[in-house]
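A short worksheet on the structure shown next.
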Amino acid sequence: MRKLFLAIVLTLTLTSPAFAGLNVVATLPWIGSIAKEIGKDKITVTTLVKPSQDPHYVEAKPSMILAARKADIIMYNGLDLEVGYLPLIIESSKNSKLMPGRSRNFDCSRFVSAIEKQANVERSMGDVHPLGNPHYQFSPHNIIRVAEGMANALAELDRANGDAYRANFRSFAARFKEKQKQLLSLNLKGKRYVAYHKLFGYLAHEYGFQVVGYLEPKPGIPPSAAHIEKLIEEMRHHKPDGILVTEAHGLHEAESLGAKTGVKVIVLPQDVGDMKGTDDWFAFVDKVVSSLR
Amino acid sequence: MNSLRIVWCLFLGSLFFSVSAYGEDTTKRLDRLEDALKGQAATIEDQQKTIDELKEQLKAKEPEETSSLSSKLTGLFGGSLMTNPYISVVLDAKGYASNLKNSQLNNRGVPGFTTEGRGLKNGFNTDGTELFIFAPVDPYFNLYANIPVNADGATLEEGYFVTTDLPEGFQVKGGRFKSNSTRLNAQHPHAWDFADIALPYKAFLGAEGVGGENGVQLTWLPPLPVYTLLGIEVLQGDNPLLFGKDDNWGPHAFTAFAKVSVDTGDDSTLYAGPSVIFGSTRSAGILPPDAGTGNTFGLRGNSALYGMEAVWKWKSGLHGVNLQGEYLYLVQNGDLTESAATGAAVSVHPLHRHQDGAYIQALYRYGRWRIGARYDRLELFADTFERGGVQENFSGKPWRATGSLEFNPTEFSTIRTQFTSDHSGRDARVNNEGILQFIFTIGAHPAHTF
């Protein structure tokens, strides 16, 4: 019996996939996407959360814990977005390398200048993130800095391939510059939108448009009939250019609001891979900004 | 006045002298100076531009960053944040209504298993407020404490460290903690999917399961292709029903468990594993006092509780399904001592038990709403309860059926209604009960455990 058990354990261990460079675990799809751009064939990326999943309400599944167990570095969004499951995943993974405070615990938000920081916050205000708006995957301005931080972190961990990571970042930065030029030429200045969740603060900030109202009365709280009535009244006054929504969140409510007000509903991907043709971060941001036009 | 004029003359004279001395370079020098001035002007202009840009950027940022966070959030006595651990408080309050009287509820055990009553009274019940405190100790340990406070005072239900720096996927937990051997044992009452624990747990372990036990745990997560968690625990064995305090021995309860999990699709996960809890037993909670003589029964012997659990969860967008079941099988052997009220032993008989129990539950979530159903039953395949070699005859097999409806305004609040038809008393009296439960969490964000 004991021999059989040992045999099973050995077979399972030996047949596990061969080590292909650094094992990078990313919580969210956009993080995995940027990591792939920087690491290319030198790393293996495992992404924990699915593109369509709400990143606030994720359960620490055993498969995620196992992925963290095998990780050389874990990369996450930060700003308390993954606060419900990431500490649990890291502690349960029993992988001492990933514990907070170590270089293999990579918080992408360290490279971000966050907007909407709240000094005075309590839960009666809804699901507010006191450290700032955590949805900066929409922010080209911040993403380029995250990518640079990743390149440095990977180069530090895997010195033999350091030049490759830095070269990959340079080509990422070149592509980024092109994309940024193209996106800014679309000119969204002065446009006004209504949104379901507070997802688009960074975009508005960088491209000069305004979000004049939210379907959620408070972040994370679904709209009541009275709130919708009030919003319709406000929309008559503001005449917004569209209602911004993601497929997973509030699509039904947005469509019904669109039907009542005649304002067009713009469905945006919430993360890389959430919609067709958003397979990497460039395609994702392209889809988002071009949809806003 | 005169002297001033002389100084001026001398100054102009020396200037003239110096200029005339280098006469041929003057034009060149002037040109050079002019060039330098122009260059400086350009630099100043550039710098002004940069300053203006920075000012603009600052202005743009101002509305968001009206005040620096770090200056607001400080610890005790103006110290650093580090002096504050994460703290959360959970309130668990219940309204209870039953067709039985409070005295009947109080004496309603499960014959052949436990003498513990219902634990809830008709009317308002506040089970307590649980205070959770946790924080990293240093780079090597995390510390957790769970202190329920109720009308009787505060108790230390849990207070343990967890290692964070052991190699090769090993982890040690020590102090006072809830056993991770089976699913409901590891969960806190407010995290259960229903207002009370499943019947097999109540019958074999009590209304809170094994509960907080002093001891130490070792777990190992090997880097296999499939999630496989292996664990063993050495516990003091304070659970009054399965073990009981033993003055002669130190730790006299042990557990071993394995948990295996695979994702059965993009949206679903299966989680299952066997467990065993075993040790020496000194319990007075199995049989009620004799109805005629008032004599009490105490057991001294050994127990082993074998368990098997399985959980399947599916989640997609607003929808979620959660199926869960556990099977428990008890083997217990020992001497049952009948004692008179004076404490003198009246008789000693061998007790031999082979009994089992199981529950199965299903929950469906849609957005903020959740409905659930649970069925629990004892003595499915084994009902041996031999006292002095004679099988005890209890009438009927204990079972319960439960339905629930939940509204979760946010992840920090739950309002639950639950109805149970309880046939666990083995008598003609059925306990039809309704529970209205409120659970609220403040403070540190709760963990989304699978």
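The values are calculated or read from the model by the stated rules, or taken from the named source; none is laboratory data. All of these numbers come straight from a predicted model, not from anything done at the bench. Every residue, glycine among them, receives a Cβ derived from its backbone with ideal geometry; neighbour counts consider all protein chains shown.
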Given (1) within 14 Å of chain B (Cβ to nearest Cβ); (2) in contact (Cβ under 8 Å) with a residue 12 or more places away in the chain; (3) within 20 Å of A:Gln53 (Cα to Cα), index of the condition A:Phe200 fails: (1)
Conditions (1) touching a Gly at 6+ places or on another chain (Cβ under 6 Å); (2) at positive phi; (3) not acidic (Asp, Glu): number failed by A:Ile115: (2)
Condition check for B:Gly273: under 24 Å from A:Ile65 (Cα atoms) and either touching a Lys or Arg at 6+ places or on another chain (Cβ under 8 Å) or part of a loop (DSSP other than H, G, I, E, B) (or both): yes
Answer from B:Val210, B:Val172 - the residue that is β-branched (Val, Ile, Thr) and away from chain A (no Cβ under 14 Å): B:Val210
Condition check for A:Ala114: hydrophobic (A, V, I, L, M, F, W, C), within 14 Å of chain B (Cβ to nearest Cβ), within 22 Å of A:Pro269 (Cβ to Cβ) and in contact with a strand residue (DSSP E or B) (Cβ under 7 Å, 6 or more places away or on another chain): no
Any hit, region B:355-375, residues being exposed (fewer than 14 other Cβ atoms within 10 Å of the Cβ), modelled with pLDDT under 95 and under 16 Å from B:Val110 (Cα atoms): no
Filtered residues of region A:96-111 (kept if facing chain B (nearest Cβ under 7 Å) and crowded, with 17+ Cβ neighbours inside 10 Å): A:Ser96, A:Met99
Every residue from region B:258-285 that is within 14 Å of another protein chain (Cβ to nearest Cβ), modelled with pLDDT under 95 and crowded, with 21+ Cβ neighbours inside 10 Å: none
Tabulated pairs, region B:179-202, first more than 18 Å from B:Ser275 (Cβ to Cβ) and in contact (Cβ under 8 Å) with a residue 12 or more places away in the chain, second among the charged types (D, E, K, R) and in a helix (DSSP H, G or I), C-beta under 9 angstrom, 6+ apart or interchain: B:Asp196/B:Lys202
Residue that is surrounded by the fewest Cβ atoms within 10 Å (Cβ to Cβ) [pool: residues in region A:120-161 that are touching a residue at least 40 places away in the same chain (Cβ under 8 Å) and β-branched (Val, Ile, Thr)]: A:Val128
Answer from A:Ala248, A:Ala226, A:Ala204 - the residue that is within 22 Å of the chain's Cα centre (by Cα) and not in a loop (DSSP other than H, G, I, E, B): A:Ala204
Flag for A:Val83 being within 7 Å of chain B (Cβ to nearest Cβ), without any contact (Cβ under 8 Å) to a residue 24 or more places away in the chain and out of contact with any strand residue (DSSP E or B) (no Cβ under 7 Å at 6 or more places or on another chain): yes
Only listed residue being in contact (Cβ under 8 Å) with a residue 24 or more places away in the chain, of a type in the set (D, E, K, R) and touching a Leu at 6+ places or on another chain (Cβ under 7 Å), chosen from A:Lys117, A:Lys42, A:Lys36, A:Lys97: A:Lys42
